[in-house]
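For reference, the structure is listed below as structure tokens.
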Amino acid sequence: MSAMRKVGSSSVWAVVSALAVMAGCTAMGMGSSSRLELTGAQEVPPVTTAASGSGTITVAADKSISGSVTTSGVAGTAAHIHDGAAGKNGPVIIPLTKTSDNSWSVPAGTKLTDAQYDSYKAGNLYVNVHSAANKGGEIRGQLKP
């Protein structure tokens, strides 16, 4: 019985410790990752396309930003992070680097300005991929903090 109590007690402390670490990371503002799904329907105006994309963009507490997106069904000519709310277009703030035929990455060492970080926290940044057929953007995905 005391062995069971000891094992049960150890398990409880392991869970409590893990929760404390997670809470500490959140409280310290370790940053957040946005999982993206890029579609033509999210473009403004919407684009009818079979193209799609997905990726993850991470914004750290020091405003550094990293991540990448991978596309399918589109010959991308450019990709960017823009400042604009869902349903609205906005200016390019970070050009992404093409790393292969269907992959784009945030350049190493990139940081958001204070205003851009505020836009990110408000959900007002998005990634889009442009093509020859859709110069304004073929697929888009909103970053969600």
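The values are calculated or read from the model by the stated rules, or taken from the named source; none is laboratory data. Source: prediction; values computed, not measured. Don't worry about glycine lacking a Cβ; one is built from the backbone with ideal geometry, like all the others, and counts go over all protein chains shown.
Counting only residues that are without any contact (Cβ under 8 Å) to a residue 12 or more places away in the chain, give me the strands (runs of 3 or more DSSP E) lying completely in segment 80-132 with at least 2 of them.
The strands (runs of 3 or more DSSP E) meeting that bar are 97-100.
To keep it simple, each residue is scored yes or no on (1) in contact with a Lys or Arg (Cβ under 6 Å, 6 or more places away or on another chain); (2) exposed (fewer than 14 other Cβ atoms within 10 Å of the Cβ); (3) more than 18 Å from residue 73 (Cα to Cα); (4) of a type in the set (Gly, Ala, Ser).
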| residue | (1), (2), (3), (4) |
| --- | --- |
| 96 | no, no, yes, no |
| 102 | no, no, no, no |
| 107 | no, yes, yes, no |
| 112 | yes, no, yes, no |
| 117 | yes, no, yes, no |
| 127 | no, no, no, no |
| 138 | no, no, no, no |
| 143 | no, no, yes, no |
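Go through the residues of segment 111-125 one by one and say whether even a single one is assigned by TED's automatic domain parsing to the domain that holds residue 56 and at pLDDT below 95.
No, because not a single residue in segment 111-125 is assigned by TED's automatic domain parsing to the domain that holds residue 56 and at pLDDT below 95.
Could you check segment 39-71 and list, in sequence order, the residues that are surrounded by 15 or more Cβ atoms within 10 Å (Cβ to Cβ) and not in a strand (DSSP E or B)?
40, 42, 43, 44, 47, 49, 51, 60, 63
Surrounded by fewer than 20 Cβ atoms within 10 Å (Cβ to Cβ), polar (S, T, N, Q), more than 16 Å from the chain's Cα centre (by Cα) and not in a loop (DSSP other than H, G, I, E, B): does that describe residue 77?
Against the criterion (surrounded by fewer than 20 Cβ atoms within 10 Å (Cβ to Cβ), polar (S, T, N, Q), more than 16 Å from the chain's Cα centre (by Cα) and not in a loop (DSSP other than H, G, I, E, B)), residue 77 qualifies.
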